[in-house]
Amino acid sequence: MADDDARQSWTMAGIHTAVEIDGGVLVGDDGSACAGQALRYAAAEAARRGADLHVLRAWSIPTAVRPPDAPFGTTPSIVEMQDATLAETRRRAEKAAAEHPDVTVHAHTAFGRAGRALVSAAGGADVLVVGSKGRSKIADMLVGSTAAACIREAKVPVVVVR
């Protein structure tokens, strides 16, 4: 058994836990309306820059997209959840970029915390775009925990879309 095989968990084989990109606009997507606004902004920014658009959805078991063909009462495999989450991310990314046909769109998923996944992937981006969810007047003055982590830790400019 090779050393790499010994360190890899069989339970996570085939599951993407990190994303590497090389330039372009990176945007986080959690499937929300607020993230949809960030997606549209990021697509327009990619068009302005003549850059690729990278859409990243970090996910976990509770936040995964359920495969449409999974029978009621069954639990899909983690690979099926990853595939369904990627398909939904791709659909949302392409819809957001529809007004910018010259923009090349890349959809990515990473199993794990959104802030960590976005900050890691942003190391290869030109700019990072995130949405912010304010739930009250006080919260409207603040940004969400993912946006805050990105602002604090990303090594590239961060745009927070409201």
Would the stretch 28-47 turn up any residue that is surrounded by 15 or more Cβ atoms within 10 Å (Cβ to Cβ), polar (S, T, N, Q), part of a helix (DSSP H, G or I) and touching a residue at least 40 places away in the same chain (Cβ under 8 Å)? yes
In the set PRO76, PRO62, which member is crowded, with 17+ Cβ neighbours inside 10 Å, at pLDDT below 95 and assigned to a loop (DSSP other than H, G, I, E, B)? PRO76
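Yes/no matrix, rows are residues, columns are (1) touching a Leu at 6+ places or on another chain (Cβ under 7 Å); (2) modelled with pLDDT of 95 or more; (3) among the hydroxyl-bearing types (Ser, Thr, Tyr):
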position	(1), (2), (3)
THR85	no, yes, yes
ALA93	yes, yes, no
GLU99	no, yes, no
VAL105	yes, yes, no
ALA122	yes, yes, no
ALA125	yes, yes, no
GLY131	no, no, no
LEU142	no, no, no
ALA148	no, no, no
Scanning the stretch 106-115 for residues that are closer than 17 Å to ASP83 by Cα and not hydroxyl-bearing (Ser, Thr, Tyr), which turns out least open to solvent (accessible area, probe 1.4 Å)? ALA110
Out of (1) touching a residue at least 60 places away in the same chain (Cβ under 8 Å); (2) farther than 22 Å from CYS150 by Cβ; (3) of a type in the set (A, V, I, L, M), the one LEU56 does not meet is (2)
Output the residues belonging to the stretch 116-129 that are in a helix (DSSP H, G or I), surrounded by fewer than 22 Cβ atoms within 10 Å (Cβ to Cβ) and in contact (Cβ under 8 Å) with a residue 40 or more places away in the chain. ARG116, SER120
Please specify each residue of the stretch 42-58 satisfying the condition of being among the basic types (Lys, Arg) and under 17 Å from the mean Cα position of the chain (by Cα). ARG57
Find the residue count for the stretch 80-105, including only residues that are open to solvent by less than 60 Å² (accessible area, probe 1.4 Å) and touching a residue at least 40 places away in the same chain (Cβ under 8 Å). 10
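So which residues in the stretch 84-103 are out of contact with any strand residue (DSSP E or B) (no Cβ under 9 Å at 6 or more places or on another chain) and among the charged types (D, E, K, R)?
Of everything in the stretch 84-103, those that are out of contact with any strand residue (DSSP E or B) (no Cβ under 9 Å at 6 or more places or on another chain) and among the charged types (D, E, K, R) turn out to be LYS95, GLU99, ASP102.
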Please specify each residue of the stretch 1-27 satisfying the condition of being of a type in the set (A, V, I, L, M, F, W, C) and either at pLDDT 95 or above or not in a helix (DSSP H, G or I) (or both). MET1, ALA2, ALA13, ILE15, ALA18, VAL19, ILE21, VAL25, LEU26, VAL27
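The values are calculated or read from the model by the stated rules, or taken from the named source; none is laboratory data. All of these numbers come straight from a predicted model, not from anything done at the bench. Quick reminder, even Gly has a Cβ in these numbers, built from the backbone with ideal geometry, and neighbours come from all protein chains shown. Heads up: the accessible areas ignore ligands, DNA and RNA and are worked out on the full protein's heavy atoms, side chains in. Shrake-Rupley method; radii C 1.70, N 1.55, O 1.52, S 1.80 Å.
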